[in-house]
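Single-structure report; data block below.
Read the figures in this text as sums done on the coordinates, not as results from a lab. All of these numbers come straight from a predicted model, not from anything done at the bench. Here the Cβ is made from the backbone with ideal geometry for all residues, glycine too, and neighbour counts use every protein chain on show.
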Amino acid sequence: MGLDLGPFILDMGVIDDPLYSVVMPVFCEGANLQGIVREVSQSLDKAGVRHQLVLVDDGSPDETWAVIKDLAKENAAVCAVRLSRNFGKELALCAGMETAAGDAVIVMDADGQHPPALLPAMIDSWRTSGAEIVEGIKTHRGKETIFNKVTAATFYLIWNKLSGFELRGASDFKLLSRRAVKAYLAMQDRNVFFRGMTAWIGFKRAHVPFEVAARSGGRSGWSVFRLIKLALNGIT
Ligand code: UDP
Ligand code: MG
């Protein structure tokens, strides 16, 4: 067995031209995905950065995988990953982060609710702030039912009291440095809660505000039961 020298690396200096991986968990997003991926590519081109897009099909029963394969054929920056079944967004994110090669990994939803236009600001914030994590903070939660608002507020209150971490306004739209990704994946959890666990690993963080856009099509993949399961996973 070879010796893993990773833990002995003291410093890697400043990376001149970092590679950015954008990881998107995808469940039944179908044809809308093409438009989103185009917007993400354009936004990264505008930022003038080297990038790859890791699209993780989370066991979608519809045409999503065919769309992802076509995107990978057209665009060499697209890396297509397909899970053997629907594991849920949190584990699809883990698979994406494990696949991502970037010096920084940006995690975002594939339904247009996390605005691709924010990517240059996120990247800029990472480069200038010295933070290991740049978080998209929701200034406005978008269109939601009263039920969703009340249950989310209740969950965040309980989570805050139990864990001591404030998650109000937090989102899953985040940039993680390679160091933060390593720390996240080192936990090797199967019951993951991305938002809470990225808070738990610590590190200096910076914030970029954004407004949650409407879904570009399709519908949310979260049922009430899946949300309860996520909340219980998060708390336990
Ligand atoms: N998603 C996933 N697996 C699932 C459910 C959702 O990968 O089982 C993806 C989905 O395609 C989207 C992101 O996770 O990219 C957020 O899902 P959704 O929009 O349904 O959640 P909401 O915005 O309602 O929180
Ligand atoms: Mg959504």
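Can you tell which of Leu93, Leu119 is over 14 Å from Tyr184 (Cα atoms) and among the hydrophobic types (A, V, I, L, M, F, W, C)?
Leu119
For the stretch 26-38, does any single residue satisfy the condition of being touching a strand residue (DSSP E or B) at 6+ places or on another chain (Cβ under 6 Å) and at negative phi?
Yes, because at least one residue in the stretch 26-38 is touching a strand residue (DSSP E or B) at 6+ places or on another chain (Cβ under 6 Å) and at negative phi.
In the stretch 143-157, how many residues are surrounded by 13 or more Cβ atoms within 10 Å (Cβ to Cβ) and either in contact (Cβ under 8 Å) with a residue 12 or more places away in the chain or hydroxyl-bearing (Ser, Thr, Tyr) (or both)?
3
Take the conditions of a type in the set (A, V, I, L, M, F, W, C) and surrounded by 17 or more Cβ atoms within 10 Å (Cβ to Cβ) and apply them to Ile106. Does it pass?
So Ile106 fits the description; yes.
If I ask for residues that are of a type in the set (Lys, Arg) and either closer than 18 Å to Ala131 by Cα or surrounded by 14 or more Cβ atoms within 10 Å (Cβ to Cβ) (or both), which ones from the stretch 158-205 would you list?
Within the stretch 158-205, Lys174, Arg178, Arg179, Lys182, Arg195, Lys204, Arg205 meet the criteria.
In the stretch 116-128, is there at least one residue being in contact (Cβ under 8 Å) with a residue 60 or more places away in the chain and within 16 Å of ligand 2 (Cβ to nearest atom)?
The answer is yes, given that some residue of the stretch 116-128 is in contact (Cβ under 8 Å) with a residue 60 or more places away in the chain and within 16 Å of ligand 2 (Cβ to nearest atom).
Could you give every pair whose Cβ atoms fall below 6 Å, whose first residue belongs to the stretch 72-92 and is within 18 Å of Leu19 (Cα to Cα), and whose second residue is within 13 Å of ligand 1 (Cβ to nearest atom) and in a helix (DSSP H, G or I), counting only separations of at least 6 or pairs across chains?
Note: pairs meeting the criteria are Ala80/Ile68.
Please work out if Leu10 is surrounded by 15 or more Cβ atoms within 10 Å (Cβ to Cβ), away from ligand 2 (no atom under 16 Å from the Cβ) and among the aliphatic types (A, V, I, L, M).
No.
Mind telling me which of the residues Ile106, Ile146 ends up being within 19 Å of Trp200 (Cα to Cα) and either within 16 Å of ligand 1 (Cβ to nearest atom) or out of contact with any Lys or Arg (no Cβ under 8 Å at 6 or more places or on another chain) (or both)?
It is Ile106.
For the stretch 38-49, give me each residue that is more than 9 Å from Pro116 (Cα to Cα) and either within 18 Å of the chain's Cα centre (by Cα) or of a type in the set (A, V, I, L, M, F, W, C) (or both).
Hits for the stretch 38-49 are Arg38, Ala47, Val49.
So, in the stretch 147-177, of the ones that are away from ligand 2 (no atom under 16 Å from the Cβ) and touching a strand residue (DSSP E or B) at 6+ places or on another chain (Cβ under 7 Å), which residue ends up nearest to Ala121 (Cα to Cα)?
Leu175
Out of Leu55, Leu44, I need the residue that is crowded, with 19+ Cβ neighbours inside 10 Å and over 19 Å from Gly218 (Cβ atoms). Which one?
Leu44
Residues to consider are Pro18, Pro25, Pro61; find the one that is surrounded by 24 or more Cβ atoms within 10 Å (Cβ to Cβ) and within 26 Å of Phe194 (Cα to Cα).
Checking each option against the conditions leaves just Pro25.
Inspect the stretch 133-142 for any residue being without any contact (Cβ under 8 Å) to a residue 60 or more places away in the chain and either under 18 Å from Val107 (Cβ atoms) or among the hydroxyl-bearing types (Ser, Thr, Tyr) (or both) and give the result as yes or no.
Checked the stretch 133-142: no residue is without any contact (Cβ under 8 Å) to a residue 60 or more places away in the chain and either under 18 Å from Val107 (Cβ atoms) or among the hydroxyl-bearing types (Ser, Thr, Tyr) (or both).
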